[in-house]
Amino acid sequence: MSERSDDRRVLILGGTREARVLAEKLSGAGGFEVVSSLAGRVREPVLPVGPVRIGGFGGVDGLRNWLGDNAIDVVIDATHPFAGVISAHAAAAAAALDLPVLHVRRPGWRERPGDRWIRVPDIAAAVDAVEGLGSRVFLTIGRQEAGAFARLDALWFLIRAIDPPSAPLPPHHELLLARGPFAVEDEVRLLTEHRIEVLVTKDSGGELTVAKLLAARTCGIPVLMIDRPALPEGAMVAESVAAAEDWLRALP
């Protein structure tokens with residue numbers, strides 16, 4: 001039986017650009033063995049460097065058991081800012097095993113002069129608010145929650161997602177399947193050609209899809225901005241890959 005390496009075994013809960021960059025950096029730096037985990041909700045995900053597992057864990061207990069069975073030393077939650085359930089599970093499972101856990105979260109977007117943002121706390125609040133803002137809606141919240149708007153039969157929606165939503169959609173809609181990054185001029189053209197009156201999006205942050213916000217500002221269109229779910233109380237947070245690397249290397 002081979003002896004275990006002295007390298008720290010790191011589980012990266014991924015699906016974001018930050019997770020992929022971190023996996024690549026750690027895999028090539030020495031001192032770490034990295035396993036990345038993806039939820040499996042995108043048909044053709046962009047895979048990180050190194051070993052990858054795809055699928056859920058079966059709740060907190062399943063994740064805790066997997067961490068123990070795979071001799072994980074550190075948990076990095078670099079999931080999407082709106083993946084609140086897995087973030088909570090990661091914190092609870094790591095705490096149960098007394099493992100260090102770090103949540104990597106890129107900064108949210110900030111309103112700039114010329115923006116017309118209306119912030120709401122969640123999807124349900126966005127559904128309630130959008131009817132008063134326009135009749136032609138650009139919906140960019142991903143495929144999983146697009147169905148929440150299905151009851152709004154008086155509105156028309158342009159729904160953009162990477163994969164087709166599985167839930168019933170609003171009766172008046174057009175589905176656009178696309179993956180960022182997007183150029184500002186293309187986003188302006190999209191808003192103009194579809195006569196969009198309001199943009200609904202999540203405060204995901206980052207540069208990959210920020211062009212839609214710049215286009216909305218250019219076109220004078222209001223943005224219904226859905227706030228992020230809160231991280232677990234007392235969560236340790238890094239806002240960049242570099243900060244996550246520094247935190248890892250400073251662990252005793």
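Of (i) 65, 34, 33; (ii) 105, 47, 31; (iii) 48, 44, 37, which one was derived for Cα extents along the principal axes in Å from the structure shown? After the calculation, the listed value that fits is (i). Derived from the Cα gyration tensor, the three semi-axes of the equivalent ellipsoid of the range 1-126 are 30, 17, 14 Å, largest first. In the range 202-252, a dipole from Cβ-located charges (positive for Lys and Arg, negative for Asp and Glu) runs towards its positive end, and of Met225, Ala243, Ser204 it is Met225 whose Cα lies farthest in that direction. Binning the C-alpha pair distances of the range 126-188 at 5 Å intervals from 0 yields a P(r) profile of 4, 18, 31, 24, 15, 9, 1 %, listed from the shortest bin outward. For the chain, averaging the sequence separation of C-alpha pairs within contact (under 8 Å, six or more residues apart) and dividing by the residue count gives a relative contact order of 20 percent.
When a 1.4 Å probe is rolled over the protein heavy atoms, the share of accessible surface on the range 152-202 that falls to carbon and sulfur comes to 54 percent. Take the chain and mark each of the trypsin sites (Lys or Arg not before Pro) that is in a DSSP loop with at most 15 other Cβ atoms within 10 Å; the longest unmarked stretch, sites excluded, is 44-109. Considering only GluC sites (Glu not before Pro) in DSSP loops that have at most 15 other Cβ atoms within 10 Å, the longest stretch of the chain without any of them is 4-110.
Before I look further, what does the chain give for accessible area per residue, probe 1.4 Å, in whole square angstrom? Write down the numbers at each step before the final one.
Values: 12500 Å² over 252 residues.
On a per-residue basis, 50 Å².
Other residues with beta-carbon under 13 Å from the beta-carbon of Glu174 carry, at +1 per Lys or Arg and -1 per Asp or Glu, a net charge of +2. Taking the alpha-carbon centroid of each part, what is the distance from the range 95-130 to the range 190-231 in angstrom? So the separation of the two Cα centres works out to 13 Å.
The values are calculated or read from the model by the stated rules, or taken from the named source; none is laboratory data. Keep in mind it's a predicted model, so treat the numbers as computed, not measured. All Cβ positions, glycine included, derive from the backbone under ideal geometry; neighbour counts span all protein chains shown. When the accessible area is computed, the model is the full protein with side chains, heavy atoms only, and any ligands, DNA or RNA have been set aside. Shrake-Rupley method; radii C 1.70, N 1.55, O 1.52, S 1.80 Å.
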